[in-house]
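Here the structure comes first, spelled out in structure tokens, and everything after it is commentary.
The values are calculated or read from the model by the stated rules, or taken from the named source; none is laboratory data. A quick note: this is a predicted structure, and the numbers were derived from the prediction, not measured. Every residue, glycine among them, receives a Cβ derived from its backbone with ideal geometry; neighbour counts consider all protein chains shown. Protein only, heavy atoms only, side chains kept; ligands, DNA and RNA dropped before computing areas. Shrake-Rupley method; radii C 1.70, N 1.55, O 1.52, S 1.80 Å.
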Amino acid sequence: MNNSDIQNLYEWLTQAECITVMTGAGVSAESGISTFRDAQEGLWSKYDPMEMASPEGFSRDPELVWSWYQWRRQQVQQASPNAAHLGIAELQKRLKLYLITQNVDGLHQQAGSTEVIELHGHLFENRCHNSQCDYHESVVDIEEPLKRCNQCQSAYLRPSVVWFGESLDASVIDMAQKVSQQCDLFLSVGTSSEVYPAAGFANVALQAGAKLIEINPNATSLSSKVDLLIAKPAGQVFKHLMSLFDD
Ligand code: OAD
């Protein structure tokens, strides 16, 4: 790893007045959780997103989609936060830092991050698939079979995550927009920057004059626009970065 890149990262972070961090599936990769678009291991190389992550797919085969999410819940339940989650949580204690994530795994919160702006929902929550019904519940048993909503007695319960073709919560988008606009340093970690509106927030920050840093072992559509690119796994980067705070 290039020491001067990590040194620059350290200096920019400690000199910034307000930092916004955007994370994607890559931040949880070193915790053993699958990403979506990586060529060999990514979930979307093995499963069709329109079958597993769309309202149409759920209506066609609710049992299949439900069991796929139960499997993902198991994968996440066995995982622990890695050095990147822990490092971001530690930075939040020391610096003015907002955290936006596309991840639904809750590992940032487990690591100690607070007020996480979760764009795509929460894996360990269920809600009613009927948009007129506001029932939702925390998941207590990840082996529970597919069931109907107790409140409206008609639709199935589904994971409380955002699927393709569905809108994000407007208040969550507003918050992400606001913290992207007001930061002077935007750090993108482990996201392919392919999915909107999430991918657009780096540009919001850039247009407002923020510096842009990307941590990702692979090039993305953001890479050509950044002020500093650290092409390494996030856990390794944060382990090294946080050791500089101890010096
Ligand atoms: P992707 O799977 O699209 O991208 C993961 C990124 O992480 C890739 O650019 C990898 O190069 C990078 N990566 C892999 N290992 C890494 C590591 N150890 N450290 C740092 N980076 C690493 O995941 P997202 O960008 O999060 O949406 O995908 C966005 C959305 O698409 C997801 O939230 C999900 C998916 O469909 C929904 O489910 C709504």
Q | Extension gain, Ser154 back to Ala219 (0.36 nm per residue minus Cα-Cα distance, nm) | A | 18.8 nm
(Q) Per residue, how large is the accessible surface of the chain? Use a 1.4 angstrom probe and give square angstrom. (A) 47 Å²
Q) How would you rank 70-82, 100-112, highest first, on the average number of other Cβ atoms within 10 Å across their residues? A) 100-112, 70-82
Q. Taking the Cα centre of the chain as the origin and placing charges on Cβ (Lys, Arg +1; Asp, Glu -1), which of Ser192, Ser4, Ser28 is farthest toward the positive end of the dipole?
A. Ser4
Q.
So if each residue of separation counts as 0.36 nm, and I subtract the Cα-Cα distance between Tyr135 and Arg60, what length gain in nm does that give?
A. 24.8 nm
(Q) For the stretch 81-161, what are Rg and Dmax over the alpha carbons, in angstrom? (A) 15.7, 48
Q. If one computes the Cα centroid of the stretch 1-56 and of the stretch 113-176, what distance in Å separates the two points?
A. 22 Å
**Q.** Size of electric dipole in the chain: Cβ of Lys, Arg +1 and of Asp, Glu -1, about Cα centre, debye, nearest 20
**A.** 100 debye
Q. How would you order 44-51, 188-195, 204-211 from highest to lowest mean count of nearby Cβ atoms within 10 Å?
A. 188-195, 204-211, 44-51
Q | Diffusion coefficient, µm² s⁻¹, Stokes-Einstein with Kirkwood Rh over alpha-carbon pairs of the stretch 156-198 at 20 °C and 1.002 mPa s | A | 170 µm²/s
Q) Which of Leu228, Leu241, Gln207 sits farthest toward the positive end of the charge dipole of the stretch 200-247, with +1 on the Cβ of Lys and Arg and -1 on the Cβ of Asp and Glu? A) Gln207
Q. Order of 156-166, 129-139 by packing, highest average Cβ count within 10 Å first?
A. 156-166, 129-139
Q | 24 Å Cα-Cα threshold exceeded, pairs from Lys96/Lys239; Lys211/Lys232; Lys46/Lys239; Lys46/Lys147 | A | Lys46/Lys239; Lys46/Lys147
Q: Taking all pairs of distinct Cα atoms, average 1/r, flip it, and tell me the Kirkwood hydrodynamic radius of the chain in Å to one decimal place.
A: 18.8 Å
Q: Evaluate the Debye formula for the stretch 99-236 with equal point scatterers sitting on the alpha carbons, no solvent, and hand back log10 of I(q)/I(0) at q = 0.14, 0.19, 0.22 Å⁻¹, in q order, two decimals.
A: -0.74, -1.13, -1.36
